[in-house]
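Undergrad: One structure follows; several queries about it will come next.
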Amino acid sequence: MKILIIGSGGREHALTWRLWKSADVTELIAMPGNPGIEAMATCIPGMADIRGYASFAEQSGIDLTIVGPEAPLVHGIVDEFRTRGLQIIGPTKAAAQLEGSKIFAKKFFQRAGIPTARSVETTSTEDALRCLQEFPLPVVIKADGLAGGKGVIIANTMEDAESAIQKLGKNLVIEEFLEGEEVSFIGLSDGSNFFPFSPSQDHKRIFDGDAGPNTGGMGAYADTRILSAKQSGQVMDKIMLPALAQMNKEGTPFTGFLYAGLMMTAAGPRLLEFNVRLGDPEAQALLHSMEGDLATFLVSPAEVKVQFPSPSVCIVLAAQGYPDAPKTGDVISGIKEAEAAGAVVFQAGTKREDGHLVTHGGRVLGVTASGEDLRTAVDRAYAAAAKISFNGMQFRTDIGAKGLRR
């Protein structure tokens with residue numbers, strides 16, 4: 001099987017790493033990929049538009065394409081591939097609106113009867129400021145479109161809320177703040193069925209203790225103990241399966257990876273958002289702990305099983321100044337030593353420059369390790385991360401701490 005992976009981050013490195021272990025995979029191509037991916041796949045510069053990717057796949061005899069980031073999915077890459085008879089993992093443009101528009105998503109949740117936070121959708125600054133008065137503090141304010149994981153602001157004061165409205169634009173969702181524990185529930189859909197992975201938990205805020213501004217994700221851990229069997233059943237019955245049923249009812253069947261961002265409240269699971277691809281950095285933790293052939297699972301999920309027997313932890317090492325103004329060009333050292341210590345280091349914001357590996361983005365590396373229990377996985381990941389250095393490197397020291405207190 002000849003597989004094309006679209007994307008350049010840690011999620012795509014993890015996909016490449018896991019697919020590289022699949023017996024049926026004969027060749028991996030990444031567009032554009034990154035220096036870490038080069039050891040396992042041929043890296044080729046990305047195309048200017050979705051038609052370019054489809055033409056490349058057609059001319060190169062690609063058997064399966066996997067799209068990492070959300071933007072190509074929202075722009076319709078799956079539609080373009082399927083019109084040419086090419087096999088690709090992901091939702092159509094119509095189905096990808098679940099992530100492409102927060103306003104569309106909230107209205108969809110209502111049509112599907114999915115439990116979610118009370119909210120209003122606004123299309124002007126004046127309307128948003130007026131609607132703000134309907135919600136107690138803290139209040140959640142979300143930008144309507146794609147924002148790279150940074151389009152959500154939790155405002156604790158009215159001044160912060162008004163500032164968020166000015167910052168995020170006119171088309172917004174204003175939402176009640178829910179109390180509970182956030183959980184990522186990710187899996188693969190074939191259009192009718194949903195095949196869940198292990199539950200996982202992202203750490204969005206930049207600092208320990210969930211302090212500071214939101215980021216694209218400072219680390220994650222995957223562990224079956226995050227949800228009980230009863231809770232997982234509730235998520236499937238009240239959220240995932242109703243969403244797929246409603247998508248089919250509306251003539252836009254959902255295929256590909258579906259990621260539910262949940263708040264586990266005292267009253268049960270509440271859906272905060274859907275993403276239409278693997279989470280990052282959740283993908284790194286999940287794919288590290290996965291057992292089974294990923295390539296054959298993607299093609300035939302109803303027939304091929306994958307399992308997640310061990311807890312896994314991904315610690316993101318971020319650049320100085322991230323998330324506001326990440327510094328680039330700093331030399332990275334210690335990756336070989338970290339991997340010798342028992343981790344896999346997935347690269348994200350890196351590039352080769354004058355013979356050195358240097359920082360080239362906000363989230364630079366994802367140091368990932370598994371263990372027979374969560375404590376072991378956490379210790380392995382942090383021991384490995386301690387081997388790596390670059391100027392201004394920052395990371396959270398409490399990834400997985402909530403799970404350890406469980």
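The values are calculated or read from the model by the stated rules, or taken from the named source; none is laboratory data. Keep in mind that this is a model prediction, so the values were computed, not measured. With ideal geometry, Cβ positions are generated from the backbone for all residues, glycine too; neighbour counts draw on all protein chains shown. Please note that ligands, DNA and RNA were not included when accessible areas were found on the heavy atoms of the full protein model with its side chains. Shrake-Rupley method; radii C 1.70, N 1.55, O 1.52, S 1.80 Å.
Undergrad: Criterion first (assigned to a loop (DSSP other than H, G, I, E, B) and without any contact (Cβ under 8 Å) to a residue 60 or more places away in the chain) does ALA23 satisfy it?
TA: no
Undergrad: How about region 18-72: which of its residues are of a type in the set (Lys, Arg) and more than 25 Å from GLN97 (Cα to Cα)?
TA: Those that are of a type in the set (Lys, Arg) and more than 25 Å from GLN97 (Cα to Cα): ARG18, LYS21.
Undergrad: Of everything in region 208-237, what is in contact (Cβ under 8 Å) with a residue 60 or more places away in the chain and hydroxyl-bearing (Ser, Thr, Tyr)? Give them in sequence order.
TA: If we filter region 208-237 for residues that are in contact (Cβ under 8 Å) with a residue 60 or more places away in the chain, which is where we start, we get 208-209, 213-226.
Once the filter is applied, which keeps residues that are in contact (Cβ under 8 Å) with a residue 60 or more places away in the chain and hydroxyl-bearing (Ser, Thr, Tyr), region 208-237 yields THR215, TYR221, THR224.
Undergrad: Can you tell me which residue is farthest from PHE194 (Cα to Cα) among those in region 240-266 that are part of a loop (DSSP other than H, G, I, E, B) and open to solvent by 20 Å² or more (accessible area, probe 1.4 Å)? Don't jump to the end; show me each part of the working.
TA: Going residue by residue through region 240-266, those that are part of a loop (DSSP other than H, G, I, E, B) are 250-254, 266.
Okay, now just the ones that are also open to solvent by 20 Å² or more (accessible area, probe 1.4 Å), so 250-253, 266.
Working: GLU250: 18, GLY251: 18, THR252: 15, PRO253: 12, ALA266: 25 Å.
By that ranking, first place goes to ALA266.
Undergrad: For MET31, all conditions in the list (1) outside any helix (DSSP H, G or I); (2) open to solvent by 20 Å² or more (accessible area, probe 1.4 Å) hold save one; what is the number of the exception?
TA: (2)
Undergrad: It is to be established whether one or more residues within region 100-110 are in contact (Cβ under 8 Å) with a residue 24 or more places away in the chain, farther than 30 Å from ASP49 by Cβ, of a type outside the set (Val, Ile, Thr) and in contact with a Leu (Cβ under 9 Å, 6 or more places away or on another chain).
TA: Yes - at least one qualifying residue is present in region 100-110.
Undergrad: Looking at (1) among the β-branched types (Val, Ile, Thr); (2) open to solvent by 20 Å² or more (accessible area, probe 1.4 Å); (3) farther than 17 Å from GLU175 by Cβ, can you tell me which one VAL78 breaks?
TA: Looking at each condition in turn, VAL78 falls short on (2).
This table checks each residue for (1) farther than 17 Å from MET263 by Cβ; (2) under 29 Å from the mean Cα position of the chain (by Cα); (3) among the charged types (D, E, K, R); (4) open to solvent by less than 40 Å² (accessible area, probe 1.4 Å).
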site: ILE114; (1), (2), (3), (4): no, yes, no, yes
site: ARG118; (1), (2), (3), (4): no, yes, yes, no
site: THR122; (1), (2), (3), (4): yes, yes, no, yes
site: ASP127; (1), (2), (3), (4): yes, no, yes, yes
site: ARG130; (1), (2), (3), (4): yes, no, yes, no
site: GLN133; (1), (2), (3), (4): yes, no, no, no
site: PRO136; (1), (2), (3), (4): no, no, no, no
site: VAL140; (1), (2), (3), (4): no, yes, no, yes
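Undergrad: Is there a residue being over 27 Å from GLY90 (Cβ atoms) and either surrounded by fewer than 17 Cβ atoms within 10 Å (Cβ to Cβ) or touching a residue at least 40 places away in the same chain (Cβ under 8 Å) (or both) anywhere in region 180-192? Lay out the reasoning, then the answer.
TA: Narrowing region 180-192 to residues over 27 Å from GLY90 (Cβ atoms): 180-181.
Checking which are either surrounded by fewer than 17 Cβ atoms within 10 Å (Cβ to Cβ) or touching a residue at least 40 places away in the same chain (Cβ under 8 Å) (or both) leaves us with 180-181.
Checked region 180-192: at least one residue is over 27 Å from GLY90 (Cβ atoms) and either surrounded by fewer than 17 Cβ atoms within 10 Å (Cβ to Cβ) or touching a residue at least 40 places away in the same chain (Cβ under 8 Å) (or both).
Undergrad: Quick one: how many residues across region 81-111 are more than 13 Å from GLY145 (Cβ to Cβ), part of a helix (DSSP H, G or I) and either open to solvent by 20 Å² or more (accessible area, probe 1.4 Å) or of a type in the set (Phe, Trp, Tyr) (or both)?
TA: 8
Undergrad: Checking ASP330 against (1) over 14 Å from ILE388 (Cβ atoms); (2) surrounded by fewer than 24 Cβ atoms within 10 Å (Cβ to Cβ); (3) touching a Gly at 6+ places or on another chain (Cβ under 7 Å): exactly one of these is not met. Which one?
TA: Looking at each condition in turn, ASP330 falls short on (1).
Undergrad: Restrict the check to region 181-195 and report whether at least one residue is farther than 22 Å from GLY362 by Cβ, of a type in the set (Ser, Thr, Tyr) and touching a strand residue (DSSP E or B) at 6+ places or on another chain (Cβ under 9 Å).
TA: yes
Undergrad: What number of residues within region 13-64 are touching a Pro at 6+ places or on another chain (Cβ under 8 Å) and under 15 Å from ALA348 (Cα atoms)? Don't jump to the end; show me each part of the working.
TA: Within region 13-64, the first condition is being touching a Pro at 6+ places or on another chain (Cβ under 8 Å), and the residues that meet it are 31-32, 43-46, 50, 53.
Next, from what is left, pick out any that are under 15 Å from ALA348 (Cα atoms): 31-32, 43.
Here the count works out to 3.
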